[in-house]
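Data first, discussion second: the structure below is written as structure tokens.
The values are calculated or read from the model by the stated rules, or taken from the named source; none is laboratory data. Keep in mind that what you see is a predicted model, and the values were worked out from it rather than measured. Cβ: placed from backbone, ideal geometry, glycine included. Neighbour counts: every protein chain shown.
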Amino acid sequence: MALIEGGCFCGAIRYEFESGDYTVVSCHCSMCRKTSGAPYVTWAVVPKDVFTYTSGSPAELQSSEAGTRYFCSKCGTPVVCVNSKHPEIVDVTVGSLDHPQDFVPTMESFEDSRLPWA
């Protein structure tokens, strides 16, 4: 099975997951904006059982009652979000993938929060 790889800007955090046909979603919620400093974040929705960290241990931020975001404590790159309402999946930031161009969004979420110019 081919592997998809990614990691943070400084290289301290690396991860991989099995290739597959994954849903890719651009999220416009205010939490994604604030934690990324970007107008929205695009996520690959990956089954938790095919995802693994290969180096480093991310720091975590409890961003909501159900959501925990994982990021590099050295460079700040957000890499993963886990929601306790959907514990079988991890949302992986497409921007942290080694080849983000391979993951085209097919859905958008929290469009009611979208910035008018985005």
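Output the number of the condition that residue 101 fails; it satisfies all remaining conditions of (1) exposed (fewer than 14 other Cβ atoms within 10 Å of the Cβ); (2) in a loop (DSSP other than H, G, I, E, B); (3) of a type outside the set (Asp, Glu).
(2)
For the stretch 64-71, state whether one or more residues are outside any helix (DSSP H, G or I), buried (at least 18 other Cβ atoms within 10 Å of the Cβ), touching a residue at least 12 places away in the same chain (Cβ under 8 Å) and basic (Lys, Arg).
Checked against the condition, which is being outside any helix (DSSP H, G or I), buried (at least 18 other Cβ atoms within 10 Å of the Cβ), touching a residue at least 12 places away in the same chain (Cβ under 8 Å) and basic (Lys, Arg), the stretch 64-71 yields at least one hit.
From the list 11, 37, exactly one residue is at pLDDT below 95 and surrounded by fewer than 20 Cβ atoms within 10 Å (Cβ to Cβ). Which is it? Can you show your working first?
On the way: 11 fails: at pLDDT below 95.
Of 11, 37, the one residue that is at pLDDT below 95 and surrounded by fewer than 20 Cβ atoms within 10 Å (Cβ to Cβ) is 37.
Confirm whether residue 35 is closer than 18 Å to residue 61 by Cα and out of contact with any Gly (no Cβ under 9 Å at 6 or more places or on another chain). Steps first, please.
Values: closer than 18 Å to residue 61 by Cα: yes; out of contact with any Gly (no Cβ under 9 Å at 6 or more places or on another chain): yes.
The answer is yes for residue 35.
Out of all the residues in the stretch 40-53, which are surrounded by 12 or more Cβ atoms within 10 Å (Cβ to Cβ) and either more than 10 Å from the chain's Cα centre (by Cα) or of a type in the set (Asp, Glu) (or both)?
Start the filter on the stretch 40-53 by keeping residues that are surrounded by 12 or more Cβ atoms within 10 Å (Cβ to Cβ), which leaves 40-48, 50-53.
40, 47, 48, 50, 51, 52, 53 - these are the residues of the stretch 40-53 that are surrounded by 12 or more Cβ atoms within 10 Å (Cβ to Cβ) and either more than 10 Å from the chain's Cα centre (by Cα) or of a type in the set (Asp, Glu) (or both).
For residue 116, work out the one condition from (1) surrounded by 13 or more Cβ atoms within 10 Å (Cβ to Cβ); (2) over 16 Å from the mean Cα position of the chain (by Cα); (3) without any contact (Cβ under 8 Å) to a residue 60 or more places away in the chain it doesn't fulfil.
The single condition residue 116 does not satisfy is (1).
Do you know which residues across the stretch 84-98 are surrounded by 14 or more Cβ atoms within 10 Å (Cβ to Cβ) and farther than 19 Å from residue 12 by Cβ?
In the first step, residues of the stretch 84-98 are kept if they are surrounded by 14 or more Cβ atoms within 10 Å (Cβ to Cβ); the result is 89-97.
89, 91, 94, listed by residue number.
When you look at residue 63, is it small (Gly, Ala, Ser), out of contact with any Lys or Arg (no Cβ under 7 Å at 6 or more places or on another chain), closer than 19 Å to residue 8 by Cβ and modelled with pLDDT under 95, yes or no? Give the steps one after another, and end with the answer.
On the way: small (Gly, Ala, Ser): yes; out of contact with any Lys or Arg (no Cβ under 7 Å at 6 or more places or on another chain): no; closer than 19 Å to residue 8 by Cβ: yes; modelled with pLDDT under 95: yes.
Spelling it out, it is not the case that residue 63 is small (Gly, Ala, Ser), out of contact with any Lys or Arg (no Cβ under 7 Å at 6 or more places or on another chain), closer than 19 Å to residue 8 by Cβ and modelled with pLDDT under 95.
Can you pull out every residue in the stretch 13-39 that is polar (S, T, N, Q) and part of a helix (DSSP H, G or I)?
First, the residues of the stretch 13-39 that are polar (S, T, N, Q): 19, 23, 26, 30, 35-36.
Within the stretch 13-39, 30, 35, 36 meet the criteria.
Output the residue which, of all residues in the stretch 54-96 that are acidic (Asp, Glu) and more than 12 Å from the chain's Cα centre (by Cα), is farthest from residue 5 (Cα to Cα).
Keep residues of the stretch 54-96 that are acidic (Asp, Glu), which gives 60, 65, 88, 91.
Then keep just the ones that are more than 12 Å from the chain's Cα centre (by Cα); that gives 60, 65, 88.
Numbers: 60: 20, 65: 29, 88: 20 Å.
For the stretch 54-96, the residue satisfying everything is 65.
I'd like the residue in the stretch 1-10 that is in a loop (DSSP other than H, G, I, E, B) and touching a residue at least 40 places away in the same chain (Cβ under 8 Å) and, out of all such residues, is nearest to residue 74 (Cα to Cα).
Start the filter on the stretch 1-10 by keeping residues that are in a loop (DSSP other than H, G, I, E, B), which leaves 1-2, 8-10.
Going one step further and asking which of them are touching a residue at least 40 places away in the same chain (Cβ under 8 Å), we end up with 8-10.
Details: 8: 9, 9: 9, 10: 7 Å.
Selected residue: 10.
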